[in-house]
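Here's the structure, in structure tokens; my notes come after.
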Amino acid sequence: MNMTSMALLTRPQKPNSCFSSSSSTFLPHCNIQSLRFLPHRSLLRPNKNNCYKWKHSMFISTKPLLKNGTLTLHGHEAITGVPDNVFLTPLTDSSAFLGATSSQSSSRHVFKLGVIQDVRLLSLFRFKVWWMIPRVGNSGSDIPIETQMLLLEARKGPDLDKPNDPPSYMVFLPLLDGEFRGSLQGNSSNELELCLESGDPAVVTSESIRAVFVNYGKHPFDLMKESMKILEEQTGTFSVRETKQMPGILDVFGWCTWDAFYHEVNPQGIKDGLRSLSEGGTPAKFLIIDDGWQDTTNEFQKEGEPFIDGSQFGGRLVSIEENSKFRRTSKESQDDAPNDLKHFVADIKRNFGLKYVYVWHALLGYWGGLVPNARDTKKYNPKLTYPQQSPGNLANMRDLAMDCMEKYGVGAIDPDRISQFYDDLHSYLVSQDVDGVKVDVQNILETIATDLGGRVSLTRHFQEALEKSIASNFQENSIICCMGLSTDSIYHSKRSAITRASDDYYPQKSSNTDTAHSCCGF
């Protein structure tokens with residue numbers, strides 16, 4: 001029998017004898033005969049009162065442990081000064097959940113988890129509401145607000161550059177727990193903090209049991225893969241990339257019209273771009289017709305008046321069909337516009353050898369959602385809503401699109417009608433021979449979740465509706481996610497396999513001399 005075997009404790013015991021862990025208070029009235037199976041006696045030792053306590057062993061000390069205010073993983077110190085309201089729930093030999101409790105219920109908590117210092121660390125954090133980028137550091141104060149992944153090097157000490165044994169790693173992943181979403185952040189005292197929020201003042205809690213997943217491993221890439229597989233099994237809310245169908249677009253070279261035209265995309269410009277690529281020896285087999293093809297209206301930008309930067313984000317969708325640039329009307333019989341979107345898609349596929357044509361749309365139809373009470377949109381019951389960002393997002397970099405949507409409002413689709421909207425839109429696109437969609441502005445949901453059950457619940461509902469529509473209408477899991485690098489979306493992605501992972505690059509803007517690249521993939 002080895003050290004980890006379980007055996008019956010056969011030694012006769014006095015009625016008032018007890019058994020406790022080495023860190024527990026003795027229980028003078030417990031009955032040892034009620035404890036049927038206990039660890040092998042090699043792990044036990046009697047004290048002067050004939051009570052048995054745990055003996056520490058190398059095997060036991062390698063498991064996740066929170067003792068005397070110190071969190072250790074595989075025997076490596078991770079956090080010190082852990083407060084009494086933080087607790088650990090072991091999961092495997094290398095992993096566990098961290099949770100915390102408060103004396104008050106609230107829709108938003110910030111819990112101190114303990115001190116991190118003198119350690120190499122990597123954070124992935126949302127520097128804007130839509131996008132995530134990396135940052136490195138050596139202490140808790142280097143951990144940005146809205147951190148969604150924290151990786152620590154287990155080799156610690158004042159001389160971080162001195163090579164000793166090969167380093168090992170510890171990962172901290174803030175999760176979705178019930179209706180609450182967690183994120184990490186540091187403070188000036190080098191303390192790691194957990195921010196827990198529902199996004200709806202009516203959705204409150206006083207504790208979170210599985211707020212942060214922690215795990216240990218020798219290789220960072222293997223550690224991340226293992227951790228996500230464990231969480232997939234534990235949560236059941238998402239699927240890892242290896243189990244998802246990959247869209248066929250990944251096998252061919254493609255072109256997105258956004259950086260060439262922004263909102264001013266048009267049929268002739270697309271043809272000119274495709275022709276240029278072909279003549280240059282790099283013909284595109286995949287095309288995304290980005291923002292600018294839809295039937296929209298914008299009351300904030302008057303025709304003939306000077307352009308107001310940001311007003312484009314106040315536009316709203318009038319119908320699910322294409323606009324007049326891509327559809328010839330009877331009054332414009334001599335216009336250069338194609339007969340309709342289907343005619344245009346067939347034309348460019350035939351003349352330029354395209355295999356796939358995707359089109360862009362926002363999660364709520366357009367940047368400003370849908371026009372309320374319009375003939376073709378009122379059946380989706382859109383309601384004018386003014387987004388509100390969380391304190392975490394406001395603490396990082398502001399974003400023009402988000403600022404404008406807060407100013408102009410969005411016509412938010414009724415959650416009870418969202419499945420109908422996606423199915424109507426996608427089935428129409430299929431009838432026009434469109435092969436898939438790029439779905440943008442996904443993180444908008446966290447800002448409009450008040451009175452709708454909170455950000456986690458709302459995102460779950462929209463994500464399920466979106467993925468169901470994609471599966472019903474398109475082939476090859478043909479969706480690209482965009483502006484959705486929040487864990488609200490990531491941990492609800494059961495089918496979506498790819499996402500855009502970097503902010504825009506505007507060559508003509510002097511502030512964009514180097515682009516900020518995100519680090520994310522489903």
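Of all aspartates and glutamates in the structure, those lying under 17 Å Cα to Cα from K302, and not within fewer than 8 positions of it along the same chain, are E264. Does the stretch 194-241 come out rounded, prolate or oblate, given a ≥ b ≥ c as the square roots of the eigenvalues of its C-alpha gyration tensor, rounded meaning a/c under 1.5 and, failing that, prolate meaning a/b above b/c? Judged from the Cα gyration tensor, the stretch 194-241 comes out prolate (a/c at least 1.5, a/b above b/c).
Keeping all protein chains in place and using 1.4 angstrom, which order do D93, D290 fall into by accessible surface area, from largest down? Before the final figure, lay out the partial values.
Numbers: D93 95, D290 5 Å².
Solvent-accessible surface, decreasing: D93, D290.
Between R120 and E153, the built amide H atoms are under 5 Å apart, and every one of these is 5 or more places off in sequence or on another chain. Classification of the stretch 129-237 by its C-alpha gyration tensor yields an oblate form. The axis ratio a/c (a ≥ b ≥ c) is 1.5 or more, and b/c is at least a/b. Checking the table K407/K468; K325/K355; K349/K494; K244/K355 against a 27 Å threshold on Cα-Cα, which pairs fail? Listed pairs above 27 Å: K407/K468; K349/K494.
Over the stretch 444-495, what lengths in whole Å, largest first, do the semi-axes of the equivalent ellipsoid take, defined as the square roots of 5 times the eigenvalues of the alpha-carbon gyration tensor? Walk me through the numbers before you get to the answer.
Details: eigenvalues 92, 27, 14 Å².
Rounded to whole Å, the semi-axes are 21, 12, 8.
With each label modelled as a point 7 angstrom along the Cα→C-beta vector, the E264-R375 pair spans 3.1 nm.
Orientation-averaged projection of the stretch 222-286 equals 7.2 nm² [convex hull of Cα atoms, one quarter of hull surface area]. Using a simple spin-label model with pseudo-atoms 7 Å out from Cα toward Cβ, K67 and Q301 lie 6.4 nm apart. For the stretch 255-312, chymotrypsin sites (Phe, Trp or Tyr not before Pro) are listed when DSSP marks them as loop and at most 14 other Cβ atoms sit within 10 Å of their Cβ; the list is F307.
Residues whose amide H comes within less than 5 Å of that of E321, counting only those at least five positions distant or on another chain, are D295 (H built at 1.01 Å from N in the peptide plane). When the alpha carbon gyration tensor of the stretch 278-351 is reduced to an equivalent ellipsoid, the three semi-axes, largest first, read 27, 18, 12 Å.
How much length is gained if the chain between D165 and V430 is pulled fully straight, taking 0.36 nm per residue apart and subtracting their Cα-Cα distance, in nm to one decimal?
Values: separation 265, 0.36 × 265 = 95.40 nm, distance 5.71 nm.
The D165-V430 span can extend by a further 89.7 nm.
Each residue of the stretch 102-112 is assigned a 3J(HN,Hα), and the resulting list reads 10, 7, 10, 8, 7, 7, 8, 10, 10, 9, 7 Hz, derived from the Karplus form 6.51 cos²θ - 1.76 cosθ + 1.60 (θ = phi - 60°), x at Gly and Pro. For the listed peptides 104-113, 117-126, a ranking on the average number of other beta carbons within 10 Å per residue, highest first, reads 117-126, 104-113.
Rank-order 468-477, 360-369, 184-193 by packing density, defined as the average count of other C-beta atoms within 10 Å over each peptide's residues, highest first. Write out the running numbers ahead of the final one.
On the way: 468-477: 17.2, 360-369: 25.9, 184-193: 19.6.
Highest to lowest by the protection proxy: 360-369, 184-193, 468-477.
About the Cα centre of the stretch 78-188, how large is the charge dipole given +1 on each Lys and Arg Cβ and -1 on each Asp and Glu Cβ? Please answer in debye to the nearest 20. All intermediate terms of the calculation are to be shown ahead of the outcome.
Values: 10 positive and 11 negative charges, 71 e Å.
The dipole of the stretch 78-188 has a size of about 340 debye.
For the stretch 429-437, putting each phi into the Karplus relation 6.51 cos²θ - 1.76 cosθ + 1.60 with θ = phi - 60° gives couplings of 4, 4, 5, 9, 6, 7, 9, x, 9 Hz, in residue order, rounded to whole numbers and with x for Gly and Pro.
Label sites at R108 and H343, each approximated as a point 7 angstrom past Cα along Cα to Cβ, lie 5.2 nm apart. Less than 5 angstrom separates the built amide H of G81 from those of V115, all sequence-distant by 5 or more or on a different chain.
Using the Cα gyration tensor of the stretch 203-319, with a ≥ b ≥ c the square roots of its eigenvalues, what is the shape: rounded (a/c below 1.5), prolate (a/b larger than b/c) or oblate (neither)? Cα axes put the stretch 203-319 in the oblate bin.
Karplus-derived 3J(HN,Hα) values for the stretch 338-344, using 6.51 cos²θ - 1.76 cosθ + 1.60 with θ = phi - 60°, are x, 4, 6, 4, 4, 5, 5 Hz; glycine and proline are entered as x.
Hey, what's the Kirkwood Rh for the stretch 356-510 if you take every pair of different alpha carbons, in angstrom? Display every interim value, and only then the final one.
Numbers: mean 1/r = 0.0620 Å⁻¹.
The Cα-based Kirkwood calculation yields 16.1 Å.
Listed by chain and number, the aspartates and glutamates whose C-alpha is less than 13 Å from the C-alpha of K271, apart from same-chain residues fewer than 8 away, are E279, D336, D347.
Suppose every K and R has +1 on its Cβ and every D and E has -1 on its Cβ; what is the size of the dipole of the stretch 316-467 about the Cα centre, in Debye to the nearest 20?
Details: 19 positive and 22 negative charges, 37 e Å.
Once rounded to the nearest 20, the dipole reads 180 debye.
The values are calculated or read from the model by the stated rules, or taken from the named source; none is laboratory data. Being a predicted model, the structure only gives us computed values, none of them experimental. Because the Cβ atoms are built from the backbone with ideal geometry, glycine has one as well, and the counts that use them run over all protein chains shown. Protein only, heavy atoms only, side chains kept; ligands, DNA and RNA dropped before computing areas. Shrake-Rupley method; radii C 1.70, N 1.55, O 1.52, S 1.80 Å.
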